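See below for the structure under consideration.
No lab work stands behind these numbers, since they all come straight from the coordinates. A quick note: this is a predicted structure, and the numbers were derived from the prediction, not measured. Counting neighbours? That spans all protein chains shown, and the Cβs are built from the backbone with ideal geometry, glycine included.
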Amino acid sequence: MRLESGIIVTNEPQKTLESLLSLKTDELFTIIETQGKEFLIEHATKAIEKAFVATDVNNYIILIAPRFSDISQNRLLKIIEEPPKNKYFILITESKSSILPTIKSRLPITVLHDNKNREIFKLDIDNLNLAKVYKFVQENNRLSSIECRVLVEEIAKIAIKSERYNLDESLLRVFSNSIRALEVGSPTSFILNTVLIKLLAKKR
């Protein structure tokens, strides 16, 4: 890991922040972290204000949130594209899909393969059955909505690669609807159970 502008996708934002802080020498760090699930317009406004404070040394403005709202990203776009002298932006998020293409095109993306990302490989997609579905849901019933979203996205990717399932339009709709349901607070155990049972029904 290096100190440079960019987007870091991770399920362990605090651990990632600690890794960045360990690289500190004479640089300044400005950390703006949300208390809720989204980085909002007020957070973006604060980040811009901090960016225009003159400094003689590099100032890394670290923005941390599970997701970044579209409006906050549009607010940040110009300053990310043309940052003031000695200012660098690092976005730490759990959801790569929430980052707008306009932001992605201006900042390099690093996806960290942390422990949460590896949990999906405990599920044997190719040989899925009801017993394995039940066990997996029980093991992951305490996940946050963001962590569950990562699992749902990974399940979809692995199912596609396996070629053992009939991934028709109705099943793909289950995946997309499940992600939307997580965003409005649906229980993660219910979502995982629904996705895996629907997937199992489409096994060839």
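Quick rundown of the values:
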{"item": "Descending Cα extents along the principal axes, region 6-112, whole Å", "result": "35, 28, 26"}
{"item": "Selected from ASN177, ASN127, ASN58 as most flexible by GNM, with the chain as the system and alpha-carbon contacts under 10 Å", "result": "ASN127"}
{"item": "Semi-axes of the equivalent ellipsoid for the chain, Cα gyration tensor, largest first, Å", "result": "37, 16, 14"}
{"item": "Max mean-square fluctuation residue, GNM over the chain, Cα-Cα springs under 10 Å, options VAL184, VAL174, VAL152", "result": "VAL184"}
{"item": "Cβ-placed point charges (K, R +1; D, E -1), dipole of the chain about Cα centre in debye, nearest 20", "result": "640 debye"}
{"item": "Separation in nanometres of the label points that stand 7 Å from Cα toward Cβ, at LYS50 and THR102", "result": "2.2 nm"}
{"item": "Isotropically averaged projected area of region 50-90, using the convex hull of Cα atoms (one quarter of hull area), nm²", "result": "2.9 nm²"}
{"item": "Distance in nm between pseudo-label sites at LYS203 and ASN86 (7 Å out along the Cβ direction from Cα)", "result": "6.1 nm"}
{"item": "SER176 paired with ASN74, simple spin-label distance in nm, labels 7 Å along Cα-to-beta-carbon", "result": "2.1 nm"}
{"item": "Set of lysines with alpha-carbon distance to LYS87 below 17 Å, sequence-local pairs under 8 removed", "result": "LYS24, LYS46, LYS50, LYS78"}
{"item": "Using a Förster distance of 45 Å, the FRET efficiency for VAL57-SER144 (Cβ separation, nearest 0.05)", "result": "0.80"}
{"item": "Förster radius 25 Å - calculated FRET efficiency between THR25 and LYS157 (Cβ-Cβ, nearest 0.05)", "result": "0.05"}
{"item": "Reach of LYS198 by Cα under 30 Å, taken over lysines that are not fewer than 8 positions away in the same chain", "result": "LYS37, LYS96, LYS116, LYS122, LYS132, LYS135, LYS157, LYS161"}
{"item": "Under-5 Å amide H pairs with ILE109, H placed in peptide plane, nonlocal only", "result": "ILE7"}
{"item": "For LYS15, LYS203, order by how many other beta-carbon atoms lie within 10 Å, fewest first", "result": "LYS15, LYS203"}
{"item": "Value of [θ]222 nm, deg cm²/dmol, for the chain, DSSP H segments ≥ 4, -39500 (n - 2.57) each, nearest 500", "result": "-14500 deg cm²/dmol"}
{"item": "Using a Förster distance of 25 Å, the FRET efficiency for LEU130-VAL184 (Cβ separation, nearest 0.05)", "result": "0.35"}
